[in-house]
Every structure is written in structure tokens, then in C-alpha cells.
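The block underneath contains the structure these notes are about, expressed in C-alpha cells.
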Amino acid sequence: MANWQDPRTTGVTTAATVGVPRAARDAGLRSYMLSVYNYMASGVLLTGIIAMLFANSSLINLIVNPATGQATPLFWIALFAPLGIVFALGFGINRISAGTAQALFWAYAALVGVQFSSLFLVYTGTSIAQAFFATAAAFLGLSLYGYTTKRDLSGFGTFLIMGVVGLMVAMILNIFLKSPGLNLAISALGVLIFAGLTAYDTQKIKSIYYTVAGNGEAIAKTAVIGALNLYMDFINMFLFLLRFMGDRR
């Protein structure tokens with residue numbers, strides 16, 4: 001998403017790391033990745049808190065009309081505003097400060113939380129909890145694989161992105177077809193695609209560190225972008241898993 005050079009390989013050596021002791025490079029990488037994971041986990045936590053706050057109080061009436069059951073304007077704002085934030089971060093990251101990037105990330109996570117509060121009206125609390133913990137376990141394993149593997153995963157990137165586009169097309173078609181079988185297939189493929197993206201994005205974030213090492217502002221900004229990528233992988237994997245295994249009310 002960012003305009004930084006992205007080698008997308010492991011073990012990259014750049015001018016920023018020439019002459020730097022390996023131990024120092026490794027410590028810097030660990031600190032960088034910890035920052036990314038802290039942002040990502042905090043974003044997921046913020047999303048969950050806001051979703052539960054809305055779902056378990058009269059605030060839910062702000063996004064779903066209690067008389068008609070229809071979505072309110074606030075719901076549609078919460079649904080589409082995050083897209084604007086993603087574009088702002090993706091295309092404007094070089095023109096904004098690290099602090100602004102962080103604020104936009106928190107705003108994104110909060111708006112997704114408003115969206116997710118409606119899930120409690122559709123699925124049982126047990127199903128949501130099961131899907132969340134299953135996603136968390138899968139994410140940890142996949143991200144650890146992406147971080148530690150020596151295999152270059154960059155070749156999978158284009159394939160996975162094409163898979164996301166294909167999912168979107170299939171979901172739009174199924175709005176009209178209303179096929180349970182296609183819906184099940186979309187859910188299963190969605191879980192697999194975002195599982196792959198979790199490992200791929202983790203390796204990509206790791207490789208970007210070697211490009212921006214030594215530039216404090218660039219490190220701060222790319223940490224936010226990396227956290228946003230992993231956050232989106234997590235929530236999409238969660239949503240597709242919930243669609244696949246969730247019990248409806």
C-alpha cells in the first residue's frame with residue numbers, strides 16, 4: 001500500500017543496513033515487528049470493544065432501526081468510510097505524518113467495530129467467540145510461518161490478490177443468485193485466501209524493514225501500514241470463517 005520500495009524477499013541487505021552488526025539488525029527487526037503486532041492487536045481489541053459496546057446497549061439502535069430492522073445512515077457511513085481511510089493511507093502516506101497515519105488507523109478500527117456490532121444481531125455470541133478464537137490461533141501460526149520461513153512467498157502475492165477480486169465478483173453475483181452452495185464455497189475460499197495473505201503480508205512487512213531501517217519517520221509509517229494489512233487479513237479471515245461455521249439466530 002505504501003510507496004516504499006518493497007523487495008518482498010527475506011534476507012535483504014540494503015544501504016541502510018550495510019556495516020550494521022547482525023545482532024543490531026535483528027534487534028531492530030524484532031522491535032519493528034513488535035510495533036506492527038502491537039498496533040494490529042490494539043486495533044482488533046478496539047474493534048471488539050466498540051462492537052460489544054454497541055451490541056449490548058441502546059447504541060445498536062443508532063445503526064439498526066428498531067422499528068423496521070433496516071440499517072441507518074450511520075451504518076452505511078461506518079461501512080464505506082473505512083474504504084476512504086484505506087485509500088488515504090495507501091496513496092497519501094508520503095504526505096502525512098506518522099501521528100496522522102496512526103490516528104487514521106484507530107479511526108478505521110473504530111468504524112469497523114461499529115459495523116461488527118450488527119453481527120451480534122445475526123449470529124449467536126458463541127459462534128462469534130468460536131470464530132474469533134479460531135481466527136486468532138490460525139493468524140498466530142500463519143504469521144509466525146511468514147516471519148520464519150526462508151521460502152520466498154512473493155510469487156503468491158499476485159495469485160492471492162486475484163483471488164480476492166474473484167471473491168468480490170462471486171459475492172456480488174450471489175446477491176442475485178442466492179445460492180447456498182456458492183455462499184459456502186465463497187466462505188471456504190475466503191478463509192484460505194486470507195490465511196495465505198497473512199503469511200505473505202508478514203514476510204512482506206519483514207522485508208520492508210530492511211528498506212526503511214535507519215529512517216525513523218519511515219519506520220513509524222510503514223509499521224502502521226503493516227499493521228493495517230495484517231488487521232484486514234485478520235478481520236476478513238474472521239468474517240469468512242464466521243460465515244462458514246457460524247450459527248445464525
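The values are calculated or read from the model by the stated rules, or taken from the named source; none is laboratory data. Just so you know, these numbers come straight off a predicted model, no measurement behind them. When we count neighbours, we look across all protein chains shown, and the Cβ atoms used for this are built from the backbone with ideal geometry, even at glycine.
Restricting segment 210-249 to residues that are modelled with pLDDT of 95 or more and among the hydroxyl-bearing types (Ser, Thr, Tyr), the residue that is farthest from TYR123 (Cα to Cα) is THR222.
Can you find a residue that is of a type in the set (Val, Ile, Thr) and exposed (fewer than 15 other Cβ atoms within 10 Å of the Cβ) anywhere in segment 53-61? For segment 53-61, residues of a type in the set (Val, Ile, Thr) and exposed (fewer than 15 other Cβ atoms within 10 Å of the Cβ): absent. Considering only residues in segment 133-178 that are out of contact with any helix residue (DSSP H, G or I) (no Cβ under 9 Å at 6 or more places or on another chain) and not in a helix (DSSP H, G or I), the one that is surrounded by the most Cβ atoms within 10 Å (Cβ to Cβ) turns out to be LYS178. Of all residues in segment 44-67, those that are touching a Leu at 6+ places or on another chain (Cβ under 8 Å) and assigned to a helix (DSSP H, G or I) total 7.
Among the residues making up segment 80-122, a single one is in contact with a strand residue (DSSP E or B) (Cβ under 8 Å, 6 or more places away or on another chain) and surrounded by 16 or more Cβ atoms within 10 Å (Cβ to Cβ): SER118.
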